[in-house]
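*Asks:* Okay, handing you the structure first.
The values are calculated or read from the model by the stated rules, or taken from the named source; none is laboratory data. This one's a predicted model, so the numbers in the text were calculated from it and none came from an experiment. Cβ: placed from backbone, ideal geometry, glycine included. Neighbour counts: every protein chain shown.
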Amino acid sequence: MSTPPAPVRGRPRAHRCDGVAADARRILDTGLRDLWHPVAPSRQVEREPVGLSRLGEPLVLWRDAGGRVHALEDRCPHRGARLSLGWNLGERLACRYHGVEVDRRGIVTAVPAEPDCPMRGTRQLRSYPVREAAGAVFVWFGLDPDAPPAPLRLPEELTSDAHARFLCVANWRTGYRYALDNFMDPAHGAFLHAVSHALGQGARRADTTLRATPTGLRFDRHHGHGGHFDWVEFGDTHCLWVRLGLPYKRRYGPGGDFGIVGFVTGIDPQHCQAYFWRTRKVQGWQRDVWRFLYRNRLEALHWAVLEQDRLVLENMPEHAREREFPCRSDGALLRVRRLLLRRARTQACARARQGMLQTPPATLA
Ligand code: FES
Ligand SMILES: [Fe+2]
């Protein structure tokens with residue numbers, strides 16, 4: 001006669017692995033760490049402090065008198081008021097509630113109501129490394145808040161004078177992973193954007209090739225007669241970016257293929273901010289023609305295309321990716337998903353080893 005299993009008393013004890021898996025999920029849902037992420041277009045950060053949520057973390061950004069942007073956790077060390085509501089004192093911020101001052105390193109420099117308060121001189125807040133490039137503010141979200149950041153390496157379209165570029169930023173009510181899937185899925189162009197000026201020219205059926213590049217992978221689509229249509233590249237250079245190339249009709253001005261360099265930054269698990277740099281390799285008078293055409297004609301068309309993407313993405317059921325039937329044309333996005341998942345797990349394990357596991361905030365009974 002077999003012995004009945006011992007009754008389970010109370011709730012099973014949480015295992016450390018459960019904590020790691022939950023942390024990996026949180027990282028995956030909000031955005032990988034140890035990367036630079038664009039958090040705002042430069043024009044959004046002026047003298048007034050700006051409060052943002054990025055990768056599920058509240059940030060305050062401000063510009064000092066020399067024009068340098070700084071980023072701190074958006075929480076006053078006194079009683080937690082938003083520092084972004086306070087005053088810009090150059091390399092310091094002052095909280096609007098009781099005037100506590102914190103410098104760009106997160107060190108409390110003044111407690112006006114109690115000058116001998118022991119909080120003075122201590123580091124109370126996390127500060128984030130910041131770089132500005134191509135009209136956007138990039139922030140380093142280090143796994144270890146005290147470790148130095150890796151260098152910011154952007155695709156050449158964003159750094160070289162040979163390329164003209166316009167930045168367009170869109171907020172979408174969807175997790176960043178669906179937006180990244182969309183970037184990595186050029187096949188949707190011939191359907192969702194069928195009436196678009198460039199994307200609608202794409203073949204509905206195309207042969208595809210996927211190959212590794214020195215910084216990531218590239219996915220090409222070829223027309224049935226061997227002609228090349230479009231491609232998308234994923235790069236990982238201490239920041240995750242996507243680059244697309246699209247053929248452009250002659251009537252859309254001089255220059256080679258039209259390019260898009262895209263980034264997508266998680267705001268929280270259900271919202272993201274997508275960055276699109278529209279680029280073209282043109283110089284001299286041809287650059288002027290292209291800039292004029294872009295501003296007067298193409299920009300509105302591009303916003304219309306983004307609206308088509310937004311409609312589909314914002315209406316994706318939350319768990320759509322758990323019940324899908326991927327096709328060959330999804331090869332590139334599946335590879336990127338695997339990379340994100342692996343990296344999120346590695347980062348959660350690293351955090352657990354360092355005793356920095358993120359625990360959800362306790363709730364009061
Ligand atoms: S909460 Fe900021 S000074 Fe009191
Ligand atoms: Fe699209």
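*Asks:* How many residues does the range 88-127 contain that are surrounded by fewer than 18 Cβ atoms within 10 Å (Cβ to Cβ) and among the charged types (D, E, K, R)?
*Replies:* 8
*Asks:* Looking at Gly245, Gly255, which is the one that is touching a Lys or Arg at 6+ places or on another chain (Cβ under 7 Å) and not hydrophobic (A, V, I, L, M, F, W, C)?
*Replies:* Working: Gly245 fails: touching a Lys or Arg at 6+ places or on another chain (Cβ under 7 Å).
The unique qualifying residue is Gly255.
*Asks:* Scan the range 122-146 for residues that are closer than 20 Å to Gln44 by Cα and assigned to a loop (DSSP other than H, G, I, E, B) and jot them down.
*Replies:* Those that are closer than 20 Å to Gln44 by Cα and assigned to a loop (DSSP other than H, G, I, E, B): Pro129, Ala134, Gly135.
*Asks:* For Ala113, state whether it is more than 16 Å from ligand 2 (Cβ to nearest atom), outside the structural domain of Arg297 (by TED's automatic domain parsing) and under 18 Å from Cys239 (Cβ atoms). Before you say what the answer is, go through the steps one by one.
*Replies:* Numbers: more than 16 Å from ligand 2 (Cβ to nearest atom): yes; outside the structural domain of Arg297 (by TED's automatic domain parsing): yes; under 18 Å from Cys239 (Cβ atoms): no.
Judged against the criteria, Ala113 is not a match.
*Asks:* Identify the single condition in (1) within 16 Å of ligand 1 (Cβ to nearest atom); (2) outside any helix (DSSP H, G or I); (3) crowded, with 16+ Cβ neighbours inside 10 Å that Val39 does not satisfy, given that it satisfies every other one.
*Replies:* (1)
*Asks:* Right, here's the next one. Which pairs turn up if I take residues in the range 63-82 that are in the same structural domain as Val102 (by TED's automatic domain parsing) and look for partners that are more than 16 Å from ligand 1 (Cβ to nearest atom) and at pLDDT below 95 with beta carbon separation below 7 Å, at least 6 apart in sequence or on another chain?
*Replies:* Pairs found: Arg63/Glu46; Arg63/Arg47.
*Asks:* Report, ordered by the first and then the second residue, all pairs with beta carbons closer than 8 Å, sequence separation of six or more or different chains, a first member in the range 95-107 that is over 17 Å from Pro118 (Cα atoms), and a second member that is modelled with pLDDT of 95 or more and among the aromatic types (Phe, Trp, Tyr).
*Replies:* Listed by first residue and then by second, the contacts come to Arg96/Trp87.
*Asks:* Identify, please: which residue in the range 207-229 is over 21 Å from Ala274 (Cα atoms) and within 16 Å of ligand 2 (Cβ to nearest atom) and is, among those, modelled with the highest pLDDT?
*Replies:* Selected residue: Arg221.
*Asks:* Take the conditions without any contact (Cβ under 8 Å) to a residue 40 or more places away in the chain and surrounded by 15 or more Cβ atoms within 10 Å (Cβ to Cβ) and apply them to Val130. Does it pass?
*Replies:* Values: without any contact (Cβ under 8 Å) to a residue 40 or more places away in the chain: no; surrounded by 15 or more Cβ atoms within 10 Å (Cβ to Cβ): yes.
Considered against the rule, which asks whether it is without any contact (Cβ under 8 Å) to a residue 40 or more places away in the chain and surrounded by 15 or more Cβ atoms within 10 Å (Cβ to Cβ), Val130 comes out as no.
*Asks:* For Trp277, only one of the following conditions fails: (1) within 16 Å of ligand 2 (Cβ to nearest atom); (2) of a type in the set (A, V, I, L, M, F, W, C); (3) not in a strand (DSSP E or B). What is its number?
*Replies:* (3)
*Asks:* Here is a follow-up. How many residues, within the range 91-121, are outside any loop (DSSP other than H, G, I, E, B) and away from ligand 1 (no atom under 14 Å from the Cβ)? Spell out the reasoning first.
*Replies:* Restricting attention to the range 91-121, the residues satisfying the condition of being outside any loop (DSSP other than H, G, I, E, B) are 92-94, 101-103, 107-110.
Then drop every residue that is not away from ligand 1 (no atom under 14 Å from the Cβ), which leaves 103, 107.
Total satisfying the criteria: 2.
*Asks:* Also, quick follow-up: Go over the candidates Glu307, Glu318, Glu322, Glu314 one by one and state the one that is out of contact with any strand residue (DSSP E or B) (no Cβ under 7 Å at 6 or more places or on another chain), within 14 Å of ligand 2 (Cβ to nearest atom) and of a type outside the set (Val, Ile, Thr).
*Replies:* Values: Glu318 fails: within 14 Å of ligand 2 (Cβ to nearest atom); Glu322 fails: within 14 Å of ligand 2 (Cβ to nearest atom); Glu314 fails: out of contact with any strand residue (DSSP E or B) (no Cβ under 7 Å at 6 or more places or on another chain).
Unique residue meeting the criteria: Glu307.
*Asks:* Conditions first: (1) under 25 Å from Thr30 (Cα atoms); (2) within 16 Å of ligand 1 (Cβ to nearest atom); (3) in a loop (DSSP other than H, G, I, E, B). Pro58 passes all but one, so which condition is the exception?
*Replies:* Evaluating Pro58 over (1) under 25 Å from Thr30 (Cα atoms); (2) within 16 Å of ligand 1 (Cβ to nearest atom); (3) in a loop (DSSP other than H, G, I, E, B) leaves (3) as the failure.
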